[in-house]
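K.L.:
Take this structure, written in structure tokens, and hold onto it; I'll ask about it next.
Since every read-out is calculated from the coordinates, none of them should be taken as a lab result. A quick note: this is a predicted structure, and the numbers were derived from the prediction, not measured. Because the Cβ atoms are built from the backbone with ideal geometry, glycine has one as well, and the counts that use them run over all protein chains shown.
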Amino acid sequence: MRYTEVSMRTLAERLKEASALLAPYAVPIAGTLGRTFNEPEDDTRFPFQRDRDRIIHTQSFRRLKGKTQVFVTGQGDHYRTRLTHTMEVAQISRDIARTLSLNEDLTECIALAHDLGHPPFGHAGEEALNTWMQESGGSFEHNHQSYRIVTLLEERTNQYPGLNLNREVLGGLLKHRTPHDHPENMMDRGPSLEAQLVNIADEIAYTGHDCDDGLKAGLFTLENICSIPLAAHAYERSRDRETSLRGSIIHILVSDLYDMSSKKLNRVRTLDAVYASAEPLIEFSEKMTRELGALRQFLWDHMYLHPKVLEKSTSGKEVVGALCRHLFSHPTAKVKELQKKTQGALEEAVKDYVSGMTDRFALAQAEESHLL
Ligand code: MG
């Protein structure tokens, strides 16, 4: 068959088909809240598919490959980086969205963008930047930085700042913000189900992959982790099936999420009811919340606070702090350019610059400036 003979369905036809798969409480395929700056929509892609493409093609997204998840990048080729973590969150989010008849494209956008604002050296880097901003009365939090990146810092056109994403995506990134913290009053409404599920998929992804990475790094043994009921249950399942512990942890968590959430969703009929809901509608059962809490505590005690992990992250934290102080007293052309663009304080431009760095670039900059 020649290419010209392949019939191509129109966007309107595909929109109708895709919309028929959605539950009434899902965010519609084309969204309802629109973009900050009006622009014509695409001929072949739905609005959130276009947003996903804008996110993937940013520099911030590419830099995720050089940012720490738990292990500082370069410590081992097989450990998760911020990029592979993001991809795992997107995969789990899309599966959950599809199963619950929610908007898969929107969940993918929120998942792919959720950690864009994460600084180098993981949570240690985040703490260093928060301390830096607190000195001038501000704060640093990676969700808010992700929002700032897609609305202001990234460039795709001279017509507007940022990526001009649909408001449903922006609302999904601001899940932890309070109403006075953001400009568009998006928090007048509660989070969409799509935003709620990405938040949980994030926790499912890092719990699963951190068990995997922690075991591979020898930070704890299988026997150690199986003292926790959720891990013991997952291990039993994985042994029977001859598959991975990580896969079974994800399976057990996602299955519980389906059971609990479908019960809650039975009481919801419309998207407005979701936005008006004071309580989360996508969540684990109480029993699973407790079991997951115990596994999280185990990972804190045996992995995130393990001397091997702490040693690297503590030095990363020092690098981030030293870079902020140095760039504030000796602002480079790049920092000045950022300050001009954002029309903000120098401290903030320094924060924007340093938080965007990969681990490797931050170390190289610190070395070049004789900070190490
Ligand atoms: Mg994450």
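K.L.:
Can you return the lysines within cross-link range of residue 263? Criterion is Cα-Cα under 28 Å, with same-chain partners fewer than 8 residues away left out.
P.N.:
Correct list for residue 263: 16, 175, 287.
K.L.:
With equal scatterers on the alpha carbons only and no solvent term, can you work out the Debye log10 of I(q)/I(0) for region 42-368 at 0.13, 0.14, 0.16 1/Å?
P.N.:
Values returned for q = 0.13, 0.14, 0.16 Å⁻¹ are -1.03, -1.18, -1.44.
K.L.:
Rounded to the nearest 500 deg cm²/dmol, what is the calculated helix-only ellipticity per residue at 222 nm for the chain, with -39500 (n - 2.57) per DSSP H run of length n ≥ 4?
P.N.:
Values: 18 runs with 216 residues, N = 372.
Calculated from helices alone, the mean residue ellipticity at 222 nm is -18000 deg cm²/dmol.
K.L.:
Something else now. Normalised by the residues of the chain, what does the relative contact order come to in percent, with Cα pairs under 8 Å and at least six apart?
P.N.:
Details: 532 pairs, mean separation 76.2, N = 372.
Result for the chain is 20 percent.
K.L.:
Helix by helix through the chain, keep the DSSP H runs that span 24 Å or more along the axis on Cα and average at least 0.0 on Kyte-Doolittle, and give those back in order. Could you put the intermediate results ahead of the total?
P.N.:
Numbers: long enough: 82-99 (26 Å, -0.42); 193-216 (34 Å, -0.23); 245-265 (29 Å, 0.35); 307-329 (33 Å, -0.03).
Length and hydropathy pass: 245-265.
K.L.:
What nm value, rounded to one decimal, do you get for the distance between residue 136 and residue 325 when each label is placed 7 Å out toward the C-beta?
P.N.:
Taking the simple label geometry, residue 136 and residue 325 are separated by 1.6 nm.
K.L.:
Could you list 86, 157 in order of exposure, starting from the residue whose Cβ has the fewest other Cβ atoms within 10 Å?
P.N.:
Working: 86 26, 157 11.
The fewest-first ordering by Cβ neighbours comes to 157, 86.
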